[in-house]
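Q: My questions all concern the structure below.
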Amino acid sequence: MKFHTRRPIALAAIILTASAALTACGSDDDGGDSGSGGDGGGSLSMTMLPKNLGNPYFDTSTAGAQAAAEELGAELEEVGPETASPDAQVSYINTVAQQGKDALILSANDPEALCDAIEEARSADVKVITFDADTNPECRDLFINQATAEGIAAKQLELISEQIGGEGEIAILSAAANATNQNAWIEMMETELADNPDYAGLELVDTVYGDDDDQKSFDQTEALLQNHPDLKGIISPTTVGIAAAARYLSDSQYKGKVALTGLGTPNQMREYVENGTVESFALWNPGDLGALAAYAAAALANGDISGEEGDSFEAGDLGEFEVGADGVVLLGEPFTFDAENIGDFDF
Ligand code: RAM
């Protein structure tokens, strides 16, 4: 398990994100601020487009990508919208196509809605790599998957079941309603709840959406608890949602009574694990995910791989990776954080 801590890089990411946010403000022009850009030789130029800016998860993935780009002698800038919506991502994709960047690395807010813009970019010779949240497979060159959907779903059910003793009402607080990653995990959890006798005592009573917005996720947590007085546990498969729900619970009468688990970053969740609001949660290392995406993007853009199943490439300290079916490259397994180990991580 490669859980490197990346403290100095995290600071670089904050600076990078802040300058990218400023760049994004005026945003419909076609940039021209991206250094050498183009593909007229020299170093590779890549753009990273997260679901939205201001999310520590994506700050960490961009920092990982940035470190990989530095190692490769490539240039990487981050751009992105304030809100996690597909419409807001389209203009950034158009800009990348106009700039003729070598690669675009994005976490997609919708599986289908970005495909026209991506197609334009690909026809302008931009390699398009999704990471974290995929588009439909035919729209992009590669998807860098953090962990299998089955593994992520199974882990979250295992944690909530353990925490509530296998019995009672549970609810899901998700990200945006059309996020491919969360929707795939939720679908798997629903199947598992229906089919796995281990979970016969769990009843999923509601799924709500906080849109990866802190306040909306906080408000949705409050509403869930009001609407379901017998609720025993919440699964939030989003780092924004779980942190907001933990903040709500930790100041409420439900602290220690309603369990909360899902996918969170150790730095955002530490306080709530230490004060007893949250027992355990899971994630992968977003820094490693960003780095792997940048190495894959460079391998494609350099022509080292074409993205066919069976192609393999080197990803620095992370080692060698192989392209699987449907152009998917898998980072690894989800990892569980709890009071015993959370002090070992800093991201
Ligand atoms: C949020 C985003 C991201 C997801 C993580 C777990 O930061 O929704 O896409 O992968 O949570």
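Every number in this text was worked out from the coordinates using simple rules, so none of it is lab data. Quick caveat, the model's predicted, so the values are computed rather than measured. Heads up, the Cβs are rebuilt from the backbone with ideal geometry, glycines too, and the neighbour counts pull from every protein chain shown.
Q: Summing -39500 (n - 2.57) over the DSSP H runs of n ≥ 4 in the chain and dividing by its residue number, what mean residue ellipticity at 222 nm do you reach, to the nearest 500 deg cm²/dmol?
A: Using -39500 (n - 2.57) per qualifying helix, the result is -13000 deg cm²/dmol.
Q: Assign one of three labels to the chain, namely rounded, prolate or oblate, based on the Cα gyration tensor with a ≥ b ≥ c the square roots of its eigenvalues; rounded applies when a/c is under 1.5, prolate when it is not and a/b is larger than b/c, and oblate otherwise.
A: prolate
Q: Using alpha carbon centroids, what distance separates region 278-323 and region 200-227, in Å?
A: 33 Å
Q: Here's another thing I want to ask about it. With Cβ to Cβ distances under 11 Å as the rule, what net charge do the other residues near GLU309 carry (K, R +1; D, E -1)?
A: Neighbour charge sum, excluding GLU309 itself: -4.
Q: Moving on. Dipole of the chain (Lys/Arg Cβ +1, Asp/Glu Cβ -1, origin at the Cα centre): which of ALA194, ALA298, MET48 lies farthest to the positive side?
A: Towards the positive end, the residue furthest out is MET48.
Q: Turning to a different aspect of this structure: Given a Förster distance of 35 angstrom, what is the FRET efficiency for GLN253 paired with ASP326, based on the Cβ-Cβ distance and rounded to 0.05?
A: 0.15
Q: Still on this structure, please answer the following. Pull up all non-local amide H partners of ILE144: gap of 5 or more, or a different chain, and H-to-H distance under 5 Å with H placed in the peptide plane.
A: It is THR130, PHE131, ASP132, VAL329, by chain and number.
Q: Apply the a/c threshold of 1.5 to the C-alpha gyration tensor of region 187-239 and tell me whether it is rounded, prolate or oblate.
A: It is oblate, given that a/c is not under 1.5 and a/b is not larger than b/c.
Q: Turning to a different aspect of this structure: Filter the cross-link list LYS216/LYS255; LYS51/LYS216; LYS51/LYS255 down to pairs whose alpha-carbon distance in this structure exceeds 26 Å.
A: The pairs that break the limit, which is 26 Å between Cα atoms, are LYS51/LYS255.
Q: For the chain, which longest stretch is free of loop sites, where a loop site is one of the GluC sites (Glu not before Pro) that DSSP puts outside H, G, I, E and B and that has at most 13 other Cβ atoms within 10 Å?
A: 168-307
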